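Everything below concerns the one structure shown next.
The values are calculated or read from the model by the stated rules, or taken from the named source; none is laboratory data. From a predicted model like this one, the values you see are computed outputs, not experimental measurements. Cβ placement follows ideal geometry from the backbone for every residue including glycine, while neighbour counts extend to all protein chains displayed.
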Amino acid sequence: MSRRIAVSCLLIAIIGFAIFIYIVPPAGQTFWPKCLLVQTTGLYCPGCGGTRSVHLLLHGDVLGAISQNLLFIFIGLPLSIWFYIAGARYVLTGTWSHPQLKGTKATAAAVILVVGFGLIRNIPFEPFTFLAPKDLNANAKRK
Amino acid sequence: MNQPGNCPKCGATVRSDSVFCTVCGHTLQGFSRPQPGPSQPPNGPSGQTPFGQPPPDPTQMYVPPSHHAPNWSQPPRSPGFGQAPGFAPVAVKNYLVESILVTVFCCMPLGVAAIIFAAQVDSQLRSGNYAQALDSSNKAKTFATISFVLGILAPCCYLGLVASSLPF
């Protein structure tokens, strides 16, 4: 029972987090930590730009959200909504159905998409730069 | 076949063809060896690959203890729980969804390692290699957990640093 309370607190915290992202624009804030991988190596990981893309998506700017992080919108959000629904069902009914991707093809597709996206978005040419996150230095520009 | 034996860890009486001890969950040694006996031909179709063929009686099938999802709930323990056609009769979680989410959200290269281990679970299960599949599953879970914790801790440490450097 206490576990159900903990999960429901987590679900409420996620909604609060989404509201926070909606209100406060992530670009140019000092209190949002910049990804350690970008800070140390300058490389973009598969999740770079995720917070900005969620902020833009919540404000209805789908194109802007996609240009920040394509993978986050098309893979990360559906999977996390899947987890959220599983968690909500657990809170309501007490049964936990673990979200699982099954099968060799689905697995291979997921691996190639996520890892390949992380590699391709670091290529600094014209067609690939669409996948790279934008406005990373908004903080520096505003100063 | 099916003569009772004893679990080497806790001593409980278990069926000789069980994969796990039903009491303590210990992986029983020699579960992958075909049991030579008069009731089963030694080179029978299911002799070499214990997971290649579904067990004859689904109600006798053993669902492993919940050390993968410790006490989260009582999942439906129906005979086909977590089972797809052609898959092993025992469910091994592959943690692929968690690994992807951790990679995408927590921004950690460790998540990629979790993805690679998670991706091996299903094919290892399919080829009947249960021990390796369980090993990959545990590694994927470990890497996903580490990167999740780091992904939570690192921003908290950063926030602490920022807050401590504020001029008030």
How many residues are assigned to a loop (DSSP other than H, G, I, E, B) and either surrounded by 17 or more Cβ atoms within 10 Å (Cβ to Cβ) or at the interface with chain B (Cβ under 8 Å from one of its Cβ atoms) (or both) if we restrict to region A:53-72?
1
Given (1) modelled with pLDDT of 85 or more; (2) among the aliphatic types (A, V, I, L, M); (3) assigned to a loop (DSSP other than H, G, I, E, B), number of the condition B:L134 does not satisfy:
(3)
Could you tell me which of the residues A:G94, A:G50 is at the interface with chain B (Cβ under 10 Å from one of its Cβ atoms), in contact with a Lys or Arg (Cβ under 8 Å, 6 or more places away or on another chain), under 23 Å from A:L11 (Cα atoms) and surrounded by 13 or more Cβ atoms within 10 Å (Cβ to Cβ)?
A:G94
